[in-house]
1. List, in order, the whole-Hz ³J(HN,Hα) value for each residue of the stretch 167-172 obtained from phi through the Karplus relation with A = 6.51, B = -1.76, C = 1.60 and θ = phi - 60°; use x for Gly and Pro.
2. For a distance above 16 Å, tell me the whole-number percent of Cα pairs in the stretch 83-163 that qualify.
3. How big is the stretch 57-102 on each of its three principal axes, counting only the C-alpha atoms and giving the largest first in Å?
4. Label 7 Å along Cα→Cβ of residue 51; the stretch 1-18 residues with amide nitrogen under 18 Å?
5. Rg/Rh for the chain to two decimals, with Rh computed the Kirkwood way over all alpha-carbon pairs.
6. Would you mind calculating the gained length between residue 128 and residue 176 on full extension (0.36 nm times residue separation, minus the Cα-Cα distance), in nm to one decimal?
7. Under a cut-off of 18 Å between alpha-carbon atoms, report the aspartates and glutamates in cross-link reach of residue 48, not counting same-chain residues fewer than 8 places apart.
8. Mind checking Rg over Rh on the stretch 3-80, alpha carbons, Kirkwood formula for Rh?
Amino acid sequence: MSRIGKKNIIIPENVDVKIDHRDITIKGPKGEIFHEIPWIIDIEMKDKVISLKPKKRTKQSSALWGLTRSLLFNCVEGVTNGFEKQLELVGIGYRANVENDKLVLEVGFSDKKEIEIPEGIEISVKKNIITISGINKQQVGAIAAKIRSVRRPEPYKGKGIRYVGEKVRRKEGKKALAST
């Protein structure tokens, strides 16, 4: 039994849900998300409440039951409130700006690194903080991880791109031997 899968999803007033066999479309004030339900999961909607149940009791169906419930809950949350991740640039001369549909990073390499901004994602830069927002939680997290991977924080000086609030474990540098 999936503890997460058993929970019902309550749909807010300003969100429309349309179920068509295995496909579900969720519309809200921030946008619209389409999601496909696995064949092993049954979906039912009554009075603005979505409930999921597996067709058979197997290990795979139990795992997919909880996963599907979490993904649908994230879709409802995304179209109502949206998701946001913030990255911080740490280092002298590290800069970022948005040009056309690309994020341009200057993070200590000889050339600028450009990352294309996918459709449905908004990126803004204020000083050394990059804010990524959108309605799809998976997409927001993936683009944040892609940006961070351009220059991960290094353990000696802590320079690089990190999530806001992320603690970087620092290492001690080489020590000079005392001469006698």
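1. Here the 3J(HN,Hα) series is 8, 9, 6, 9, 9, 7 Hz.
2. Working: 1487 of 3240 pairs.
Tail of the P(r) past 16 Å holds 46 percent of the pairs.
3. Rounded to whole Å, the extents work out to 57, 24, 18 Å.
4. So the set is 1-12.
5. Values: Rg = 21.9 Å, Rh = 19.2 Å.
Answer for the chain: 1.14.
6. On the way: separation 48, 0.36 × 48 = 17.28 nm, distance 3.43 nm.
The residue 128-residue 176 span can extend by a further 13.8 nm.
7. Correct list for residue 48: 13, 16, 20, 23, 32, 77.
8. On the way: Rg = 11.9 Å, Rh = 12.5 Å.
Using Cα coordinates only, the ratio equals 0.95.
A short reminder: the numbers here are calculations on the coordinates, not readings from a lab. Owing to the predicted nature of the structure, the values given are computational and were not obtained by experimental measurement. In this analysis, Cβ positions are derived from the backbone assuming ideal geometry, glycine residues included, and neighbour counts consider all displayed protein chains.
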